[in-house]
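Take a look at the structure set out below.
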Amino acid sequence: MTKIGIVTGAAGGIGKAYVRRMMQEDLDEIWCMDRTLDLLKGFKEEFGEKAVTIGADLSSYEDLTGLKSMIEEKKPEILYLVNCAGTVQFQSTEDACFDELHRTMMVNCEASVLLTAICIPFMPEGSHILNMSSIGAFTPLPYINLYCAAKAFLRYYSRALNAELQERGIVVTAVCPGWVNTDMLPHTINGHEMKYEGMSNPDDVVAQAMKDAKAGRDMSVHTWLVKTRHVICKIIPQKWAIKAWRKKIRRYF
Ligand SMILES: NC(=O)c1ccc[n+]([C@@H]2O[C@H](COP(=O)([O-])OP(=O)(O)OC[C@H]3O[C@@H](n4cnc5c(N)ncnc54)[C@H](OP(=O)(O)O)[C@@H]3O)[C@@H](O)[C@H]2O)c1
């Protein structure tokens with residue numbers, strides 16, 4: 001049976017760092033998925049024959065059912081599923097268009113749940129599911145409210161699923177980094193330059209996530225700064241964190 005790892009959102013940023021890291025694993029193929037095949041151009045040259053590129057729009061139910069049929073037909077042994085695709089909008093909800101809200105919910109939440117359900121029957125003991133959550137999962141934040149809610153959803157989902165899959169020997173890890181230096185973060189909002197405190201790099205986030213996953217942890221929090229924020233968010237009332245963030249972000253809108 002072909003031993004594979006699946007990485008969504010593989011074209012850049014953290015997803016591509018997972019592909020790089022996954023190359024060190026004992027896998028026959030790494031299925032690198034992104035919205036279109038074009039985004040994954042050059043993967044074969046960069047990563048070799050192990051990299052199988054797949055274009056699938058995770059906001060499309062048709063594309064997700066297409067992936068389901070492909071996996072059920074090929075019946076691979078899935079050792080890693082990394083749900084990494086995601087989108088963020090820094091904006092006032094009043095400015096968000098209907099399609100964008102739908103896409104955000106589909107890509108950030110529903111696609112991960114459906115892909116996980118598709119893959120579990122093909123995952124043996126010792127395999128891993130890594131879901132990209134975020135520091136945003138620790139507290140609700142205005143102007144990225146949907147993103148934080150989606151990441152909190154993924155965190156809750158992952159930790160509970162990990163307990164459910166314990167007897168199958170499958171570890172599910174919610175990966176919760178702070179700001180990571182990728183194309184996802186806008187440099188400016190409405191002409192104002194954005195500053196991201198304690199930015200880390202994608203390879204470090206992935207190294208920590210893989211270490212935590214292999215140690216059987218249901219959460220991976222990279223950097224001491226983010227760990228400290230996690231603890232603070234458990235102690236202080238959420239309305240304090242919301243107020244502090246609103247004060248900081250309000251000037252951009
Ligand atoms: N960067 C951060 O500060 C940070 C912090 C915490 C968590 N995260 C999470 O980490 C994950 C990776 O983010 P990143 O920073 O590496 O950003 P990124 O470079 O923008 O990667 C996200 C990937 O998801 C893909 N994607 C978006 N919509 C899609 C769709 N409809 N179908 C299929 N693929 C789609 C993107 O493709 P397109 O470019 O074509 O849209 C992109 O390749 C995300 O889930 C993000 O929320 C990021």
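Structure above, values below:
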| item | result |
| --- | --- |
| Unmet criterion (only one of (1) open to solvent by less than 20 Å² (accessible area, probe 1.4 Å); (2) closer than 30 Å to ILE189 by Cβ; (3) in contact with a Gly (Cβ under 6 Å, 6 or more places away or on another chain); (4) among the hydroxyl-bearing types (Ser, Thr, Tyr)) for THR36 | (1) |
| Those residues of segment 167-184 which are assigned to a loop (DSSP other than H, G, I, E, B) and either more than 16 Å from the ligand (Cβ to nearest atom) or not aliphatic (A, V, I, L, M) (or both), in sequence order | GLY169, ILE170, CYS176, PRO177, GLY178, TRP179, ASN181, THR182, ASP183 |
| Failed item, numbered, when GLY12 is tested on (1) surrounded by 14 or more Cβ atoms within 10 Å (Cβ to Cβ); (2) within 15 Å of the ligand (Cβ to nearest atom); (3) modelled with pLDDT of 95 or more | (3) |
| Residue list for segment 193-225, filter: open to solvent by 20 Å² or more (accessible area, probe 1.4 Å), over 30 Å from PHE253 (Cβ atoms) and touching a residue at least 40 places away in the same chain (Cβ under 8 Å) | ASP203, ALA207, LYS214, GLY216, ARG217, ASP218, MET219 |
| Selection status of MET132, without any contact (Cβ under 8 Å) to a residue 24 or more places away in the chain and either near the ligand (Cβ under 10 Å from one of its atoms) or not acidic (Asp, Glu) (or both) | no |
| Odd one out for LYS74, checked against (1) surrounded by fewer than 17 Cβ atoms within 10 Å (Cβ to Cβ); (2) touching a Leu at 6+ places or on another chain (Cβ under 9 Å) | (2) |
| Tally, over segment 119-146, of residues that are within 23 Å of LYS74 (Cα to Cα) and open to solvent by 40 Å² or more (accessible area, probe 1.4 Å) | 4 |
| Only listed residue being closer than 18 Å to PRO140 by Cα, at pLDDT below 95 and charged (D, E, K, R), chosen from LYS247, LYS227 | LYS247 |
| Checking LEU37 against (1) touching a residue at least 24 places away in the same chain (Cβ under 8 Å); (2) within 14 Å of the ligand (Cβ to nearest atom), the condition it does not meet | (1) |
| Lone qualifier among ASP99, ASP57 - being farther than 28 Å from HIS230 by Cα and either away from the ligand (no atom under 16 Å from the Cβ) or in a helix (DSSP H, G or I) (or both) | ASP99 |
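The values are calculated or read from the model by the stated rules, or taken from the named source; none is laboratory data. Since the structure is predicted, the reported quantities are computational estimates derived from the model, not experimental observations. Heads up, the Cβs are rebuilt from the backbone with ideal geometry, glycines too, and the neighbour counts pull from every protein chain shown. Ligands, DNA and RNA are stripped out before the accessible areas are found, and what is left, the full protein with its side chains, is counted by its heavy atoms. Shrake-Rupley method; radii C 1.70, N 1.55, O 1.52, S 1.80 Å.
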